[in-house]
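Trainee: Sharing a structure, written as structure tokens. Questions coming.
The values are calculated or read from the model by the stated rules, or taken from the named source; none is laboratory data. Just so you know, these numbers come straight off a predicted model, no measurement behind them. Virtual Cβ from ideal backbone geometry, glycine too; neighbours counted across all protein chains shown.
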Amino acid sequence: MDQKLIVSPSPHISGDYSIRKLMMHVVIALIPAFLVSVWFFGYAAILVTAVSVASCVLFEYIIQRFVMKVKPTIDDGSAVVTGVLLAFNVPANLPVWIIILGALVAIGIAKMSFGGLGNNPFNPALVARVFLLISFPVQMTTWPLPKGFDTKYADAITGATPLGILKEGIRNGSSVIDLLHTPAMPDYQQLFIGNMGGSLGEIAAGALLLGFIYLLWKRVITWHIPVTIVFTVAVFTSVLWLINPNRYADPLFHVLTGGLLLGAIYMATDYVTSPMTVRGMIIYAIGIGIVTVVIRVWGAYPEGVSFAILFMNAFVPLINRYIKPGRFGEEVHHA
Amino acid sequence: MLKTFKKGGIHPEENKLTAGKKIRVLPVPEMVHIPVIQHLGMPARPIVKKGDKVKTGQLIAEADGFVSAGVHSPVSGTVSKVDLMMDAGGYRKMTISIQTAGDEWMEEIDRSPGHKPDINIQPEEILKKIAMAGIVGLGGATFPTHVKLTIPRGRKAESVIINGVECEPFLTSDHALMLEKGPEIFTGIKILMKLLGVKQAFVGIEANKPDAIKLFRDLAMRHIGIAVVPLRVKYPQGGEKQLIKAITGREVPSGKLPIDVGTVVVNVGTTYAIYEAVQKNKPLIERVVTVTGKKLANPGNFLVRIGTPVEKLLEAAGGLPQNTGKILYGGPMMGKALPSTDIPVGKGCSGILVMPLEESRRREMKVCIRCSKCVQVCPMGLEPYLLMAMSERAMFDRMENEKIMDCIECGSCSYICPSDRPLLDYIRLGKSEVNKIIRSRK
């Protein structure tokens, strides 16, 4: 026999998942929400997303090539996903230099300084978002109103997000029931399609759900984290609403606003920063749901999803350490 | 709803290229090599020496102790060598080589072609015959069958489960045997039921073999207490613990045996070997082997004498294709990669799979992105990513608590990993280290 045979331990075949394919699926899942955003915010949405993705990829390349001195792995697509998610989490009229700074924080501080993909404890896009929110509170909370391609990038007509209107109104002593019926407040149908002020990618509930179905179909993520977060928020806000509908908004309003779906489906499910077992995922997701509502209802910010996810990210190592999967053989039979 | 196990599992491409192909009898080779250990337990002791004449079916190495299995000559001829030779595992083992001359069988073996359905011997005698025939688990684990069928004192079997799942991609030897030897396998099941004193037998067959399910259902109508259970196509459905879970709903606890939940699992090939041993006095000297691969000219299912070099099987299947990268002894999920084609077929060899070079190389390992897919697919509810990380860092003392010894080495974790990490390699390393720790405590 003249051929040399390869000898290696089993298994000898592997599935067709790769990091690149998984990341590509996430990007595909975000396309509907991106299109809705372009529809409502015009060219601004395209510009902000393009700059964010390009600078995330570039920073990753530069840091890997010249600082860490390793082979750059930008082709795995993880920086592209971070770029898209960062863009989705900022207003569509954010100045370009601020987005670039955000990309540097996301890739340089939140991801690479911990060793790169797989090692970062906190979601990079959210770290950058919160950094920008604290550093540039005015620019980060000046929301362009959805005017389609008439939306001016530089001096757009701006307004508040639904949650912002609510928080401001409650502070001024108005009843929530009245606030939900002011002309500035979109109705539920508008909220579902995304006709409201808000971050670039968070507005389109329907499109985000479409992407969720795609991610489930391609088995990129499981339902546990998103469904548990939304369920927790719905239950918690229902209780408050039933106690006093004059002080607390209804659960549907909470679920459709403030980037809850964007956070639950695309940010909280980030592989690296979420738990490894189903039981762990449920605990983590309940935590995110509770903290989100607490911040929204009693906190200083109108919106709480980003903080809630980062807060629960911090517990993930602990959850992984103590929450174990159900082992085979533990189940008592009832035969 | 088809039955299956609950935790984990994967769906690799089935690639059953040889499904439905008739079993072809491979001609007796000029030379056979029979390792004295083809089972789990103590090696058998050779009782022949160079120059001895042997007949087909003659005992050539006897079992050494209870957990061991005798080895019989698969051919007639002259012993040419008793020496160390490399086996499928890549280790040099004591091996008896026989130069074939004719095919003269031992007189007591009944070679008549007919099916003998009447069982007229007692359980003790059945067990003795199985032990004498050198039968081991033919599904691949090769545990001596008479040991498995000896129920420990104080335990009681309530049912016997016949494993006709064949969940490994590519393999079809059990499938072919079920289609051609159905009545004989049913007699084998009756023998097992009599031996174990059970009233209930289940035959588990994956739903991708509808012809075998139909045939076995028809046969089951004529037998009391035998039920055919179609199972969902999912790997590792044929794992002993997974199969028991699917059929009875019971989970064998960590470190326990099937008998602890009142059952015994026997592979269909083994069941057929039991039939032949008990009804026809025939020891285990041949078995059905699937010889397959996408590039093979003539893949098929072959009836092969134990000890036949793999090379002969490949010749019968159309010769080794150009650009072969790997030859597997067994299926793609749990099979062993052979270092050469001189290696003989052993009792546990259910298939020979030829893989082209482009599918043989492992992909480069990337970082763990903590996607948790390995945790999701593990059928034992373990955390492969964690076990690998601990193994890399030599944290062996913590791995026992993480239930590493429960790993059945099915390979689902390495298969699914999007970063192509060799999870099972590191888990095996960890298992052997943890095993040392456990042994040192005793």
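Trainee: Write out, first by first residue and then by second, each pair whose Cβ atoms fall under 6 Å of each other, whose residues are 6+ apart or on separate chains, and whose first residue, in the stretch B:205-228, is over 20 Å from B:V265 (Cβ atoms) while the second is in a helix (DSSP H, G or I).
Mentor: Going by the 6 Å Cβ cut-off, the qualifying pairs are B:L215/B:G182.
Trainee: Out of the residues in the stretch B:199-246 that are within 14 Å of another protein chain (Cβ to nearest Cβ) and part of a strand (DSSP E or B), state the one that is surrounded by the most Cβ atoms within 10 Å (Cβ to Cβ).
Mentor: Out of the qualifying residues, it is B:Y235.
Trainee: Can I ask one more? Can you confirm whether the stretch A:252-262 contains a residue that is free of Cβ contacts under 8 Å to residues at least 60 places away in the same chain, farther than 30 Å from B:T248 by Cβ, more than 14 Å from chain B (Cβ to nearest Cβ) and of a type outside the set (A, V, I, L, M, F, W, C)?
Mentor: Looking through the stretch A:252-262, at least one residue is free of Cβ contacts under 8 Å to residues at least 60 places away in the same chain, farther than 30 Å from B:T248 by Cβ, more than 14 Å from chain B (Cβ to nearest Cβ) and of a type outside the set (A, V, I, L, M, F, W, C).
Trainee: Something else: For the stretch B:423-436, check the following and say yes or no: at least one residue is within 30 Å of B:A176 (Cα to Cα) and not assigned by TED's automatic domain parsing to the domain that holds B:S254.
Mentor: No, that holds for no residue.
Trainee: Could you pull out every one of the helices (runs of 4 or more DSSP H) wholly within the stretch A:64-151 that has 2 or more residues that are within 19 Å of A:L22 (Cβ to Cβ) and touching a residue at least 40 places away in the same chain (Cβ under 8 Å)?
Mentor: A:78-88, A:124-135
Trainee: Right, another one. Anything in the stretch B:287-311 that is surrounded by fewer than 24 Cβ atoms within 10 Å (Cβ to Cβ) and either under 27 Å from B:E240 (Cα atoms) or among the basic types (K, R) (or both)? List them, or say none.
Mentor: Those that are surrounded by fewer than 24 Cβ atoms within 10 Å (Cβ to Cβ) and either under 27 Å from B:E240 (Cα atoms) or among the basic types (K, R) (or both): B:K294, B:K295, B:G300, B:L303.
For every residue, the table says whether it meets (1) modelled with pLDDT under 95; (2) under 25 Å from the mean Cα position of the chain (by Cα).
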residue	(1), (2)
B:G65	yes, yes
B:K81	yes, no
B:D87	yes, yes
B:S97	no, yes
B:W105	yes, no
B:P113	yes, no
B:K116	yes, no
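Trainee: Determine which single condition A:F136 fails, assuming it passes every other condition in (1) within 14 Å of chain B (Cβ to nearest Cβ); (2) touching a helix residue (DSSP H, G or I) at 6+ places or on another chain (Cβ under 7 Å).
Mentor: (1)
Trainee: Here's another thing I want to ask about it. If you scan the stretch B:404-415, which residues turn out to be in a helix (DSSP H, G or I) and facing chain A (nearest Cβ under 10 Å)?
Mentor: B:D406, B:S412, B:C413, B:S414, B:Y415
Trainee: Given the structure, is B:V32 more than 30 Å from B:I416 (Cβ to Cβ), of a type in the set (A, V, I, L, M, F, W, C) and not in a loop (DSSP other than H, G, I, E, B)?
Mentor: yes
Trainee: Applying the selection to the stretch B:41-86, what residues are in contact with a Pro (Cβ under 7 Å, 6 or more places away or on another chain) and either of a type in the set (K, R) or closer than 17 Å to B:M106 by Cα (or both)?
Mentor: Listed by number, the residues that qualify are B:T56, B:G57, B:I60, B:A61, B:H72.
Trainee: Counting only residues that are of a type in the set (A, V, I, L, M), surrounded by 13 or more Cβ atoms within 10 Å (Cβ to Cβ) and outside any loop (DSSP other than H, G, I, E, B), how many does the stretch B:81-136 have?
Mentor: 12
Trainee: While we're here: B:V268 passes all but one of (1) closer than 18 Å to B:N163 by Cβ; (2) surrounded by fewer than 24 Cβ atoms within 10 Å (Cβ to Cβ); (3) touching a helix residue (DSSP H, G or I) at 6+ places or on another chain (Cβ under 7 Å); which number fails?
Mentor: Going through (1) closer than 18 Å to B:N163 by Cβ; (2) surrounded by fewer than 24 Cβ atoms within 10 Å (Cβ to Cβ); (3) touching a helix residue (DSSP H, G or I) at 6+ places or on another chain (Cβ under 7 Å) one by one, B:V268 breaks only (2).
Trainee: Another question, then. Of all residues in the stretch B:415-442, how many are polar (S, T, N, Q) and touching a residue at least 24 places away in the same chain (Cβ under 8 Å)?
Mentor: Taking the stretch B:415-442 as the starting set, the residues that turn out to be polar (S, T, N, Q) are B:419, B:432, B:435, B:440.
In the following step, the residues that additionally are touching a residue at least 24 places away in the same chain (Cβ under 8 Å) were identified as B:419, B:435.
Here the count works out to 2.
Trainee: Tell me which of these A:I225 doesn't satisfy, since it passes every other one: (1) part of a loop (DSSP other than H, G, I, E, B); (2) farther than 27 Å from A:A160 by Cβ; (3) under 18 Å from the mean Cα position of the chain (by Cα).
Mentor: Among (1) part of a loop (DSSP other than H, G, I, E, B); (2) farther than 27 Å from A:A160 by Cβ; (3) under 18 Å from the mean Cα position of the chain (by Cα), the lone unmet condition for A:I225 is (1).
Trainee: Restricting the stretch B:344-403 to residues that are among the small types (G, A, S), closer than 23 Å to B:S419 by Cβ and more than 7 Å from chain A (Cβ to nearest Cβ), which is nearest to the chain's Cα centre (by Cα)?
Mentor: It comes out as B:S391.
Trainee: Consider the stretch A:237-249. How many of its residues are free of Cβ contacts under 8 Å to residues at least 24 places away in the same chain and in a loop (DSSP other than H, G, I, E, B)?
Mentor: Matching residues across the stretch A:237-249 total 1.
Trainee: List pairs: first in the stretch B:55-72 and within 23 Å of B:A101 (Cβ to Cβ), second acidic (D, E) and outside any strand (DSSP E or B), Cβ under 9 Å, 6+ apart or cross-chain?
Mentor: B:K55/B:E104; B:K55/B:E107; B:T56/B:D103; B:T56/B:E104; B:G57/B:E108; B:I60/B:D52
Trainee: Output the residues belonging to the stretch A:8-27 that are at the interface with chain B (Cβ under 7 Å from one of its Cβ atoms), assigned to a loop (DSSP other than H, G, I, E, B) and not β-branched (V, I, T).
Mentor: Scanning the stretch A:8-27 gives A:S8, A:P9, A:S10, A:P11, A:H12, A:S14, A:G15, A:Y17, A:S18.
Trainee: When you scan the stretch A:211-222, do you find a residue that is among the small types (G, A, S), surrounded by fewer than 20 Cβ atoms within 10 Å (Cβ to Cβ) and assigned by TED's automatic domain parsing to the domain that holds A:I265, even just one?
Mentor: Our first condition is that a residue be among the small types (G, A, S); within the stretch A:211-222, this holds for A:211.
Subsequent filtering for residues that are surrounded by fewer than 20 Cβ atoms within 10 Å (Cβ to Cβ) retains none.
Taking every residue of the stretch A:211-222 in turn, none turns out to be among the small types (G, A, S), surrounded by fewer than 20 Cβ atoms within 10 Å (Cβ to Cβ) and assigned by TED's automatic domain parsing to the domain that holds A:I265.
Trainee: Let me ask something additional. Quick one: count up the residues across the stretch A:64-118 that are buried (at least 24 other Cβ atoms within 10 Å of the Cβ) and among the basic types (K, R).
Mentor: Number satisfying all stated conditions: 1.
Trainee: Identify, please: which residue in the stretch B:52-80 is assigned to a strand (DSSP E or B) and of a type in the set (V, I, T) and is, among those, surrounded by the fewest Cβ atoms within 10 Å (Cβ to Cβ)?
Mentor: Among those that are assigned to a strand (DSSP E or B) and of a type in the set (V, I, T), it is B:T78.
Trainee: For B:K6, state whether it is under 30 Å from A:G326 (Cα atoms), in a loop (DSSP other than H, G, I, E, B) and either in contact with a strand residue (DSSP E or B) (Cβ under 8 Å, 6 or more places away or on another chain) or touching a residue at least 24 places away in the same chain (Cβ under 8 Å) (or both).
Mentor: Here the answer is yes, as B:K6 does meet what is asked.
Trainee: I've got another one for you. Within the stretch B:373-398, can you find the residues that are more than 23 Å from A:V272 (Cβ to Cβ) and crowded, with 21+ Cβ neighbours inside 10 Å?
Mentor: Listed by number, the residues that qualify are B:P379, B:M380.
Trainee: Would you check if there is a residue in the stretch B:416-431 being touching a helix residue (DSSP H, G or I) at 6+ places or on another chain (Cβ under 9 Å) and more than 12 Å from chain A (Cβ to nearest Cβ)?
Mentor: Yes, there is a match, as at least one residue in the stretch B:416-431 is touching a helix residue (DSSP H, G or I) at 6+ places or on another chain (Cβ under 9 Å) and more than 12 Å from chain A (Cβ to nearest Cβ).
Trainee: Given the criterion in contact with a Pro (Cβ under 7 Å, 6 or more places away or on another chain) and either in contact (Cβ under 8 Å) with a residue 24 or more places away in the chain or in a loop (DSSP other than H, G, I, E, B) (or both), identify the matching residue among A:I283, A:I265, A:I290. Write out each step before concluding.
Mentor: Details: A:I283 fails: in contact with a Pro (Cβ under 7 Å, 6 or more places away or on another chain); A:I290 fails: in contact with a Pro (Cβ under 7 Å, 6 or more places away or on another chain).
None of the other options fit; the residue is A:I265.
Trainee: Go through the residues of the stretch B:403-411 one by one and say whether even a single one is surrounded by 19 or more Cβ atoms within 10 Å (Cβ to Cβ) and basic (K, R).
Mentor: Checked the stretch B:403-411: at least one residue is surrounded by 19 or more Cβ atoms within 10 Å (Cβ to Cβ) and basic (K, R).
Trainee: Okay, moving on. So for the stretch A:169-188 (the condition being within 15 Å of the chain's Cα centre (by Cα) and crowded, with 19+ Cβ neighbours inside 10 Å), does at least one residue qualify? Give the derivation first.
Mentor: Of the residues in the stretch A:169-188, the ones within 15 Å of the chain's Cα centre (by Cα) are none.
The answer is no, given that none of the residues of the stretch A:169-188 is within 15 Å of the chain's Cα centre (by Cα) and crowded, with 19+ Cβ neighbours inside 10 Å.
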